[in-house]
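Here the structure is laid out as structure tokens; the discussion comes afterwards.
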Amino acid sequence: TGPKRARHVSSTASALAPEDESLFQDLRRPRKELADRQRVPAYVVFSDKVLVEMATRRPANEGELLDVPGVGPAKLDKYGDAFLAAVREG
């Protein structure tokens, strides 16, 4: 399933501008770490589609992160800090 997953990620990210694609890849790291810690698949934290939205919108605060489709109050509370930090660093 590795090559299939890699193709899916590249097809998801390929529509992005190069700087947004770079941020998309950066956002995958905290997603994987959080998912591994909780022993759940990465998409349970956030789907690729949500990460693509974060990469293009580049939310700077909790309010802007809540405006990203797929981010609700529970996920904001649980994961918001990690992803806002990743956007800032990206």
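With respect to the numbered conditions (1) under 12 Å from the mean Cα position of the chain (by Cα); (2) farther than 13 Å from GLY90 by Cα; (3) among the aliphatic types (A, V, I, L, M), which one is the sole condition not fulfilled by LEU23?
With (1) under 12 Å from the mean Cα position of the chain (by Cα); (2) farther than 13 Å from GLY90 by Cα; (3) among the aliphatic types (A, V, I, L, M) applied to LEU23, the lone miss is (2).
Just one of (1) in contact (Cβ under 8 Å) with a residue 24 or more places away in the chain; (2) farther than 13 Å from LEU84 by Cα trips up PRO30, so point out which.
(2)
Is it fair to say PRO30 is modelled with pLDDT of 95 or more and open to solvent by 60 Å² or more (accessible area, probe 1.4 Å)? So that I can check it myself, show each step before the final result.
Details: modelled with pLDDT of 95 or more: yes; open to solvent by 60 Å² or more (accessible area, probe 1.4 Å): no.
No.
Report, by residue number, each residue of segment 43-67 that is charged (D, E, K, R) and in a helix (DSSP H, G or I). Working first, answer last.
Quick first cut of segment 43-67, residues charged (D, E, K, R) only: 48-49, 53, 57-58, 62, 64, 67.
Within segment 43-67, ASP48, LYS49, GLU53, ARG57, GLU62, GLU64 qualify.
Might you check whether a residue that is within 23 Å of PRO18 (Cβ to Cβ) and part of a helix (DSSP H, G or I) occurs anywhere in segment 31-38? First the steps, then the outcome.
Step one: filter segment 31-38 for residues within 23 Å of PRO18 (Cβ to Cβ), giving 31-32.
Remaining after also requiring part of a helix (DSSP H, G or I): 31-32.
Yes, because at least one residue in segment 31-38 is within 23 Å of PRO18 (Cβ to Cβ) and part of a helix (DSSP H, G or I).
Assess whether ALA86 counts as being in contact (Cβ under 8 Å) with a residue 60 or more places away in the chain, among the small types (Gly, Ala, Ser), open to solvent by less than 50 Å² (accessible area, probe 1.4 Å) and in a helix (DSSP H, G or I). Give the derivation first.
On the way: in contact (Cβ under 8 Å) with a residue 60 or more places away in the chain: yes; among the small types (Gly, Ala, Ser): yes; open to solvent by less than 50 Å² (accessible area, probe 1.4 Å): yes; in a helix (DSSP H, G or I): yes.
Against the criterion (in contact (Cβ under 8 Å) with a residue 60 or more places away in the chain, among the small types (Gly, Ala, Ser), open to solvent by less than 50 Å² (accessible area, probe 1.4 Å) and in a helix (DSSP H, G or I)), ALA86 qualifies.
Exactly one of (1) part of a helix (DSSP H, G or I); (2) open to solvent by 30 Å² or more (accessible area, probe 1.4 Å); (3) free of Cβ contacts under 8 Å to residues at least 40 places away in the same chain is unmet by GLY70. Its number?
(1)
The values are calculated or read from the model by the stated rules, or taken from the named source; none is laboratory data. Keep in mind the model is a prediction, meaning the values are calculated, not measured. Cβ: placed from backbone, ideal geometry, glycine included. Neighbour counts: every protein chain shown. Surface areas here come from the heavy atoms of the whole protein model, side chains and all, with no ligands, DNA or RNA. Shrake-Rupley method; radii C 1.70, N 1.55, O 1.52, S 1.80 Å.
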